[in-house]
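The values are calculated or read from the model by the stated rules, or taken from the named source; none is laboratory data. Everything numeric in this text was worked out from a predicted model, so none of it was measured. Every residue, glycine among them, receives a Cβ derived from its backbone with ideal geometry; neighbour counts consider all protein chains shown.
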Amino acid sequence: MARSRYKFFPGDTLPYFITATSVNWLPLFSNPEIAKIIFDSLAFLQKEKRIILYAYVLMENHLHLIAAADNLSKELANFKSFTARQSIDYYTAQDNRFILKQLASNKLTHRTDRDYQFWQEGDHPEQIHSQEMFEQKVQYIHRNPVRRGYVDEPEHWRYSSARNFAGLAAILEIE
């Protein structure tokens, strides 16, 4: 029996709405260097044509995407593994014992192959099966920083594809 109603369907190249969260909702992505690791990794996946990105927003403790790929589950697993390693290496080089202690203490006990956990398990993928659902998810993504009270308009959030939709310069290109 599956652990969750959220799942990827094998061989499916339809876009999915995805939520990836930092472990224990720690505000790790408020650090511009960690945000850069996230965006550089997504840009690499795009450049290598391993992922198609339709919308995104990076908040202080989670990432929402609308994305598609030949094997999106695998690409997200690789993305999360790579960004976790890069981020942990960054915090280690900075000797940020506070964050490293948080990442160690929030590591799931069955994860014996690592000392730290950066991402919460799961991506909560929701297959986007209609234009109406696609538009609803894009609006949800773009309104996230507004709902949190960080900005008045979605396109004012630097870490969002709302800027692309508004015709402004953005961190990542989208389809």
request  = Go through region 145-175 and give me each residue that's farther than 14 Å from Leu58 by Cβ, out of contact with any helix residue (DSSP H, G or I) (no Cβ under 8 Å at 6 or more places or on another chain) and in a loop (DSSP other than H, G, I, E, B).
outcome  = Gly149, Gly167, Glu175
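Give the residue that is modelled with the lowest pLDDT, with candidates limited to residues of region 1-27 that are more than 12 Å from the chain's Cα centre (by Cα) and farther than 22 Å from Met133 by Cβ.
Top of the filtered list is Met1.
If we keep just the residues of region 102-118 that are outside any loop (DSSP other than H, G, I, E, B) and without any contact (Cβ under 8 Å) to a residue 40 or more places away in the chain, which is nearest to Gln86 (Cα to Cα)? Give the derivation first.
Pass one, region 102-118, residues outside any loop (DSSP other than H, G, I, E, B): 102-105.
Now narrow it down to the ones that are without any contact (Cβ under 8 Å) to a residue 40 or more places away in the chain: 104-105.
Working: Ala104: 16, Ser105: 19 Å.
Within region 102-118, the match that is nearest to Gln86 (Cα to Cα) is Ala104.
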key: Subset of region 124-141 (residues that are within 15 Å of Ala166 (Cβ to Cβ) and touching a strand residue (DSSP E or B) at 6+ places or on another chain (Cβ under 6 Å))   = Val138, Ile141
inquiry  = Would you confirm whether or not region 57-74 contains a residue that is hydroxyl-bearing (Ser, Thr, Tyr), touching a residue at least 40 places away in the same chain (Cβ under 8 Å) and on the phi < 0 side of the Ramachandran plot?
reply    = yes
inquiry  = Criterion first (surrounded by fewer than 16 Cβ atoms within 10 Å (Cβ to Cβ), free of Cβ contacts under 8 Å to residues at least 60 places away in the same chain and either in a loop (DSSP other than H, G, I, E, B) or hydroxyl-bearing (Ser, Thr, Tyr) (or both)) does Ser81 satisfy it?
reply    = yes
